[in-house]
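The structure under discussion appears below in the form of structure tokens.
The values are calculated or read from the model by the stated rules, or taken from the named source; none is laboratory data. Keep in mind the model is a prediction, meaning the values are calculated, not measured. Don't worry about glycine lacking a Cβ; one is built from the backbone with ideal geometry, like all the others, and counts go over all protein chains shown. Calculation scope for accessible area: heavy atoms of the full protein, side chains included, ligands and nucleic acids excluded. Shrake-Rupley method; radii C 1.70, N 1.55, O 1.52, S 1.80 Å.
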Amino acid sequence: MSGVVITGWSAVSPAGVGRTALAERLAAVAAGVPAGVPGEPPRAEPVDVTTLSDEPLPSPTGHALVDFNVRDHLGRKGTSFYDRATALSVVACGDALRDAGVELDDTNRARLGLVLGTSLGSFRSTSDYTRETLVQEKPYLVNPVLFPNTVMNCAAGQAAIRHGLRGVNATVATGSLAFLDALRYGSNAIARGYVDAMLVGAVEEFSPHRAWTTWLTGRPEQPVPTGEAAVVFVLTRAEQPAWAGVRREAEVLALATAYGPGGGPAADRALTGCVSRAVRRAGVDPAEVDYVLTGETAEDDTDEFDPACAALGRVPTRIRASRLFGRCDAATGGLALATFLATAPAGDTPRLALITSRSPDGGTAAAIVRGWPGAGASDR
């Protein structure tokens with residue numbers, strides 16, 4: 001797995017479009033941490049999301065980019081049928097390519113691929129299409145234009161079409177594990193020579209459907225606002241071709257997966273073992289891991305953090321993306337990595353981060369990433 005580097009990235013998130021917007025939001029949130037509260041993690045307040053839906057919502061607030069309009073970024077042509085997940089993804093992919101300085105032409109389009117993680121694509125598109133088959137008169141006069149958006153790989157396919165990518169194109173629908181699974185997929189595609197570079201990311205849209213799902217599957221006593229984001233990274237070989245970007249912002253050192261069904265001790269052992277394997281494969285000292293990026297959503301949830309720290313033998317700084325962006329499911333891991341890179345301090349010392357994720361059915365994943373100094377700044 002060594003030798004895969006990140007040359008650029010972008011996030012379309014509640015903070016706005018691009019890494020600069022994300023960095024500015026993180027700085028503003030950090031500045032708002034109450035004085036005299038050592039170790040108090042930063043938290044972003046949700047916003048009014050009622051303008052995003054004519055349907056009832058479980059809460060009037062959430063973490064969404066309420067003023068996002070895909071036409072502001074891509075124009076009118078070809079975007080009228082995009083659902084929200086597709087629009088977020090296509091914009092994020094384009095911005096990531098620009099951020100990395102990727103120079104695409106007919107000689108290298110087939111060497112650049114794309115893999116996106118998701119829970120099930122656009123929940124809204126799938127639900128609306130299904131509803132049409134129930135409410136329309138027989139023989140179910142459903143608008144055929146709605147159907148393409150119900151396919152889970154719609155976002156990845158449209159992004160490839162829009163940006164002229166002809167390499168590997170895939171969608172990984174594994175929920176909370178999706179970003180790390182996509183990262184593994186993309187890294188393997190590069191390592192095995194199928195492509196020279198990959199766009200790797202994950203997406204979740206804000207919709208009434210996801211808002212109600214988040215509300216009903218969360219903890220009633222501690223509801224976590226629904227969030228949305230599309231986060232995309234440009235990955236390439238360490239001996240990167242010039243067209244894939246000239247910067248080295250981070251290096252993916254190792255990834256590992258495990259399965260611990262049933263929850264409780266079995267799940268904790270799976271995560272601890274998963275982290276230990278990732279650290280061993282990365283060839284790093286656990287004491288050098290500076291940050292642990294976890295995917296929990298509940299305020300008192302330490303299901304990932306404690307086993308991860310047990311494997312490391314220490315308690316590093318923790319980054320919990322859900323405090324900043326709400327419950328973003330598949331996109332959570334990507335947001336955590338983006339937060340880690342966007343907050344890189346000045347200096348000349350690389351930082352090590354452990355990213356963990358766990359699904360309700362017992363799936364577990366972990367990655368070790370080295371962030372290089374200056375990753376938080378962009379000169380593009």
If amide H atoms are built 1.01 Å from N in the plane of the peptide, which residues on other chains or at least 5 residues away come under 5 Å of the amide H of G363?
G260
Given backbone amide H placed at 1.01 Å from N, residues whose amide H is under 5 Å from that of R318, ignoring those fewer than 5 places away on the same chain, are V292
What whole-number distance in Å separates the alpha-carbon centres of region 199-270 and region 44-107?
18
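Could you report the chain's accessible area per residue, 1.4 Å probe, as an integer in Å²?
Heavy-atom accessible area per residue stands at 42 Å².
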For the chain, what does -39500 (n - 2.57) per DSSP helix run (n ≥ 4), summed and divided by total residues, give at 222 nm, in deg cm²/dmol to the nearest 500?
-10000 deg cm²/dmol
Radius of gyration and Dmax over the Cα atoms of region 1-159, both given in Å
19.4, 66
Among L216, L114, L134, the residue with the largest mean-square fluctuation in a Gaussian network model of the chain built from Cα contacts under 10 Å is L134
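Where the only charges are on Cβ atoms (+1 Lys, Arg; -1 Asp, Glu), what is the dipole of region 219-342 about its Cα centre, to the nearest 20 debye? Don't jump to the answer; show the numbers that get you there.
On the way: 13 positive and 17 negative charges, 84 e Å.
So the dipole magnitude of region 219-342 works out to roughly 400 debye.
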Options (1) 5, 25, 35, 25, 9, 1, 0; (2) 5, 22, 31, 24, 14, 4, 0; (3) 5, 18, 26, 22, 13, 9, 5, 2, 0 are given for P(r) over Cα pairs in 10 Å bins from 0, in percent, and the computed one is (1)
Tell me, what % of the accessible area of the chain is carbon and sulfur with a 1.4 angstrom probe?
53
For region 140-250, taking Cα atoms only, what is the radius of gyration to one decimal and the Dmax to the nearest whole Å?
17.4, 55
Backbone HN-Hα couplings from phi across region 57-64 [Karplus 6.51/-1.76/1.60, Hz, Gly and Pro as x]:
10, x, 8, x, 10, x, 10, 9
For the chain, built as a Gaussian network whose Cα springs stay under 10 Å, the top-fluctuating residue of S59, S127, S322
S127
